[in-house]
Every structure is written in structure tokens, then in C-alpha cells.
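Enquirer: If you scroll down you'll find the structure; I have some questions about it.
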Amino acid sequence: LQDVLKLEPTLANLLAQRGITSYDEAKTFFRPELSQLHDPFLMKDMDKAVKRIEDAINHREKILVYGDYDVDGTTAVALVYSFLKKLYSEVDFYIPDRYKEGYGISVQGIDFAAKSGYKLVIALDCGIKAVDKIEYARSKGVDFIIGDHHRPGDEIPNAVAVLDPKRVDCEYPYKELSGCGVGFKMIQAYAQKNTFPFDDLNEYLDMVVVAIAADIVPITGENRILAYYGLQRLNSNPRPGIEAILEYTSFKKVRPRNVEDGDYIYNKELTVSDLVFQIGPRINAAGRIESGRNSVELLISQTLDEAYGFAKKINELNTERRTLDSEITEEAMTVIEDDPEDDTKLSTIVFNPNWSKGVIGIVASRLIESHYRPTIVFTKSNGLLTASCRSVQNFDIYDAIDHCSELLEHFGGHKYAAGFSLIPENLDAFRAKFEQYVKDNITEKSLTPEITIDADIHLNEINNKFYRILRQFAPFGPGNMAPVFVTTDVMDTGSARVVGKNHLKLEVVHANISGYPLPAIAFQQAEKLPMIKGQGITFSICYHLEENEWNGQKNLQLNMKDIRPDVES
């Protein structure tokens, strides 16, 4: 790789770590092409799904696009609804109420479809376990197409078509699509069958990348291609709904929209990280606090004026969500601290019937930051206890919940995030069985948070050319995380200080080796100032390399993930 790509050893090594060993593989990695997307008809039941949609249109049947209330579900609904609405007028969408209906396909949703005369429902980002619900729908004369990406149960629902690359009998080459990604493959298949040009689908790629980022699916294979082109779309010609929500972030427009693709419309490049931390939470907030319909309405808005009203409301809901999130996290921390047996447990399970169902997943993630172990947060909703679960590295929480399935009403999810419900009488039995499963199956390593290092480098290796090539490794995310470097034997130049509330700002150089000092920041690590400040003190750092802009000037900066003294005192 060094020879054929004319790369420095560190950069060539980063490619090799990502499974890239030849010029052709590197070309695909750095310059993905939409032509490399898989044939959508390789997905089991895709032919049945397309035919049923064609039949519905030909017979003037009403179609309802149904989806989950989170980012993945609402983007999937907005995508498929927008595509079908251009072809056919008798299309509407439905997002279940998190508090009244719960996750997935609901009896209320089916009753609504039957009563309103919808003959076909396309369910996205949900439905793979809705065996009984699909039978109920069939009894009501309502056909379902399911487009999901969650792990199936032992029985596949008896729907007209069930699209899920994780089906054991599905030979689709890429298994890690988001729910919105499955929706995109469905419209790709419809377009392919009806000889629409692929360019007609480009406008939907921005929603696909938002879903990929927010749902934390691997950015590898087909997802990498979709994310790469989705980010291009976002940065050059975002849909009105995305543009409106960005008004409430640090992104500012630097030119009018709808200029030729290729130039950024904003003051800085939108990345996957921005989607995760700035756009995703706002779109999610609608379904967490009020209704996911607001998010779909935002995403399908045709004009900025229309979108601004939804964006304002969604931003207000996000502010409310943040307040709830902080309050409930604080209450949950108190529950843990007041538990006399907490020190003997390898899992965290907390419950309060008054906690908001919409934010308990976020709270579970927050608790893992302070108590690093598999975590479940319960609240009460419609007579059942509802739980959101988050896990730690290399521990499959879906399998752990499956082990307790006889105590549950229903459950679903992924390796690191899941949800379920149970009757209150089963809570104590569940606590005991889940904790025992964790004790029997988790390793000490999984209970210790760790930072994975990509390369040990010298500060003098870092320059603008190095960073320019490193940027081309993006989009970053699971399966292709932003590289973390470690550098040992460095010193502060004397500038180390606390900035903001709890951040450490400094410049570092190698001890006893000439070189330019590099600026560095360590967020939420102000307590480490005494460790590094002083004559002759050396330490090791691990960090991401990034570009920092201040007063119109761009400079390379080390974003330090951790600091460790070279000599223990």
C-alpha cells in the first residue's frame, strides 16, 4: 500500500487495519460509487414487495406508510412516503404514539388502517416480530409489507413480503442496513423494475445518512456508500426540513441553496458526528416528547417556510427532552447510590413509574458513562413496565434479554441497544435472572471501558498533508471509527489552563526533541491539570486529530480522549 498509493507508513497501516490490502480496494474505499450498491432484488421477498405496491397503484388502493417514532423510523417513512406520493395520490403515513401504542405495529394502527380503507400498509423499521399483529391485520383485510432491520424471532410474520437482511433465509450480501436503508432498497427496486433513472433517488440519500448516523449502524460496505453520497447531498443541497432544523445549531448558511453540487452550503462541513449530536436528537425529540408525526412533516416539507414551523416546534421539544433527560438521570443516579447491594452487581437496573418513557433510553446511555455495565431503565406505561437497555463492549444485551424472554410480553433490538415490556409482577424475577446471566457471561474486560488505539505516532508526523489524507477516510462511524493516535513522552509548553466549565487547553511538544508545539484540548478533563503542569513533567496522550476554526483561522488540533502520566507518583 505504501508503494502503490505513495502513502506514509502510518496511513498505510490504518488502511490495512480496515481490511484494505490492494489498490482497487483503496480506490473503492476512498472513492465509493453508487454503481457499487447491491441489486435490491437480492433481498428475499423484494420481488413480492414491488409487485404488491404496483398492484395497489394499478387498482387504486389506498397505501399507508407506517414506521417507528425514532429517527430511523421517521426518516424511513418520510423517504418511502415522498417517493410514492410523486407517483400516486392515495398515500398517507402513520406514526404510532409512543405512550398510547408503544413500539412497532399496534392494534390501534391496524384498526385505523382498516377503518380508513387502507388495503396495503408498508411497515418500516419495525414489524419483524409482529406475528400476531399481522394475523390480526389479515383478518381485517389489510395486507402488510414489512421492511425491518432488527433481528427476527423464530417465526417470520405471514405478511405479503418481509424484507429484512438479517433473516436467516435472506442471501442479501450486506446485513447491516438501517431501517431507512431497507426502505431505500425498496424504492430502488421499484425504480429499477419500472426503469426510472437512479438519479431520481439521489434526493433521498440525505435521509438515509441521517438514519445511518442516528441508529449507530456500521458505516461499512453499502452503508459507507450511502453515507458518503448522503453527506454530499446534505452539504450541497439539503432538503428544506434539514435546512430548517440546522438553523437551531452552530451551522450557518454561507450561500443560497440549489447552487451546483460540490460547494458546501454551510460554514463548515456536516459530518456523521454532527448528525449524531445535532440533527438526530432533535428529530428524535418529537417522538420522545409528543409525536413522531412532527418529524415526518418536517422531513417531507416542500418549502423552507413550511419547514420552519415544524423545526421551531421540534427544537422546543428537544429543549424539553434535555431537561427531562438531566432530571431523570440525576434521580436514577440516586437510586443506584442508595442501593446497598450495588457494589456486588454487574448490571444496572433502575425503575421509577413516573419517568418519561421517551427519554429512558438516553438515561440508560448516561448511566453507562458513570457505571460501566449493562444497563436497563424501567418506567410504567399502560399497565406494563417498559424498559430501554444499553450495553457495554462485547456484551450482547439482546441475547441476555432473549434468555429472560419467558418473563416478557415482547422485546426487540440489537446487540447494544434493545427494549422490552413485562407485567409488574415479573420485575423481581427478571432482575434476578438478568443479573445472573450477566454474571455468567460477561468478561472482566467488557466491564472496563477502554480506548482502542489505531497507531502510535510521533507529533512530527502530523502536518496538513497527513490530515488531508486522513480526512478522506471519512465518513467515520462504527466499523470505521475516526483513528485514535497515541503519543508518549510529551510535555506541556507552559500554556495548560482550564477553559469553559471543565475543559483543559494546552500545547504539547515532545520532550527533548525539536518540533512545533501542537494545540490540544481535553474536554471534561480539567482535573488532570496538576498531572501535566510543571517543569519537566512528561505524559502520554491519546487523541483524534481534527481541524479547529477560530476567528476565521483553521489549525490542526489534538482532541485528547485521555491523558496518562509517564511516571506514576
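The values are calculated or read from the model by the stated rules, or taken from the named source; none is laboratory data. Since we're looking at a predicted model, the values are computed, not measured. Every residue, glycine as well, gets a Cβ built from its backbone with ideal geometry; the counts of neighbours run over all protein chains shown. Heads up: the accessible areas ignore ligands, DNA and RNA and are worked out on the full protein's heavy atoms, side chains in. Shrake-Rupley method; radii C 1.70, N 1.55, O 1.52, S 1.80 Å.
Enquirer: Work out from phi, with θ = phi - 60° and the Karplus expression 6.51 cos²θ - 1.76 cosθ + 1.60, the ³J(HN,Hα) of each residue of the range 91-102, listed in order in whole Hz, and give x for Gly and Pro.
Expert: Each residue of the range 91-102 in turn: 10, 9, 10, 9, 10, x, 7, 4, 8, 8, 10, x Hz.
Enquirer: Compute the accessible area per residue over the range 145-220, keeping the other protein chains in place, probe 1.4 Å, unit Å².
Expert: 33
Enquirer: Within the set of other residues whose C-beta is less than 11 Å from the C-beta of residue 303, count the net charge using Lys and Arg as +1 and Asp and Glu as -1.
Expert: -2
Enquirer: Under a 1.4 Å probe, what is the accessible area of the range 401-475 per residue, stated in Å²?
Expert: Per residue, the range 401-475 has an accessible area of 53 Å².
Enquirer: Within a Cβ distance under 13 Å of residue 512, other residues only, what is the Lys/Arg minus Asp/Glu net charge?
Expert: -2
Enquirer: Another one. Mind pulling up the Rg/Rh value for the range 1-143? Radius of gyration and Kirkwood radius, both on Cα.
Expert: My calculation of the ratio gives 1.19.
Enquirer: Using only Cα atoms, find the angle between the long axis of helix 205-214 and the longest principal axis of the chain, and express it within 0 to 90 degrees, rounded to the nearest 10.
Expert: Rounded to the nearest ten degrees, it is 70.
Enquirer: Determine the percent antiparallel among the DSSP beta bridges restricted to the chain, to the nearest 5.
Expert: Bridges in the chain that DSSP calls antiparallel: roughly 65 percent.
Enquirer: Normalised by the residues of the range 206-323, what does the relative contact order come to in percent, with Cα pairs under 8 Å and at least six apart?
Expert: Contact order relative to length: 28 percent.
Enquirer: Moving to a separate point now. Roughly how much of residue 5 is accessible, in Å² to the nearest 10, using a 1.4 Å probe?
Expert: Spelled out: residue 5, probe radius 1.4 Å, area about 40 Å².
Enquirer: Across every pair of different alpha-carbon atoms, what Kirkwood hydrodynamic radius in Å does the range 420-460 reach?
Expert: 14.0 Å is the Kirkwood radius here.
Enquirer: For the range 3-12, just list the computed ³J(HN,Hα) in residue order, Karplus coefficients 6.51, -1.76 and 1.60, θ = phi - 60°, integers in Hz, with x standing in for Gly and Pro.
Expert: Going residue by residue, I get 6, 6, 9, 6, 9, 5, x, 4, 5, 5 Hz, with x marking Gly and Pro.
Enquirer: Could you do me a favour and compute the accessible area per residue for the range 1-121, 1.4 Å probe, result in Å²?
Expert: Computed with neighbouring chains in place, this is 44 Å² per residue.
Enquirer: Going by accessible area, probe 1.4 Å, with all protein chains left in place, what is the ranking of 115, 345, largest first?
Expert: 115, 345
Enquirer: Given H placed on each backbone N at 1.01 Å, which residues far from residue 561 in sequence or on other chains put an amide H within less than 5 Å of it?
Expert: The list, which skips near neighbours in sequence, is 542, 543, 544.
Enquirer: Under 5 Å between amide H atoms, partner at least 5 residues away or on a different chain: which partners does residue 124 have, H built in plane at 1.01 Å?
Expert: When sequence neighbours closer than 5 places are left aside, the close amide H contacts are 66, 67, 68, 147.
Enquirer: Ignoring ligands, DNA and RNA, what percent of the 1.4 Å accessible area of the range 1-122 is carbon and sulfur?
Expert: Here it works out to 50 percent.
Enquirer: If I compute solvent accessible area with a 1.4 Å probe over the protein chains, what percent of it on the range 174-290 is carbon and sulfur?
Expert: 51
Enquirer: Once a ≥ b ≥ c are taken as the square roots of the eigenvalues of the Cα gyration tensor of the range 50-125, is the result rounded (a/c under 1.5), prolate (a/b larger than b/c) or oblate (a/b not larger than b/c)?
Expert: Taking the square roots of the gyration eigenvalues as a ≥ b ≥ c, the range 50-125 is oblate.
Enquirer: Tell me, Kirkwood radius of the range 386-427 from alpha-carbon pair distances, in Å?
Expert: In the range 386-427 this quantity evaluates to 10.3 Å.
Enquirer: Go through the range 13-27 residue by residue and turn each phi into a ³J(HN,Hα) via Karplus (6.51, -1.76, 1.60, θ = phi - 60°); whole Hz please, and just put x for glycine and proline.
Expert: Couplings: 5, 4, 5, 4, 4, 8, x, 9, 10, 9, 4, 5, 5, 5, 4 Hz.
Enquirer: Please report the carbon-and-sulfur percent of the accessible area for the range 460-555; probe 1.4 Å, protein heavy atoms only, DNA, RNA and ligands left out.
Expert: Solvent-exposed carbon and sulfur of the range 460-555 make up 52 percent of the total.
Enquirer: List the aspartates and glutamates whose Cα lies under 13 Å from the Cα of residue 62, skipping any in the same chain that are fewer than 8 positions away.
Expert: By straight Cα distance, residue 62 reaches 54, 90, 92, 143.
Enquirer: Any idea what angle helix 221-236 forms with the longest principal axis of the chain, computed on alpha-carbon atoms, 0 to 90 degrees, nearest 10?
Expert: Here the helix axis deviates by roughly 80 degrees.
Enquirer: In the full protein assembly as shown, how much of residue 198 is accessible to a 1.4 Å probe, in Å² to the nearest 10?
Expert: 60
Enquirer: For the Cα atoms of the chain, what angle does the longest principal axis make with the long axis of helix 179-193, in degrees from 0 to 90, nearest 10?
Expert: So the helix axis and the longest Cα principal axis differ by about 60 degrees.
Enquirer: Considering only protein heavy atoms, with the full assembly of protein chains and a 1.4 angstrom probe, order 319, 220 by accessible area, largest first.
Expert: Ranked list, largest accessible area first: 319, 220.
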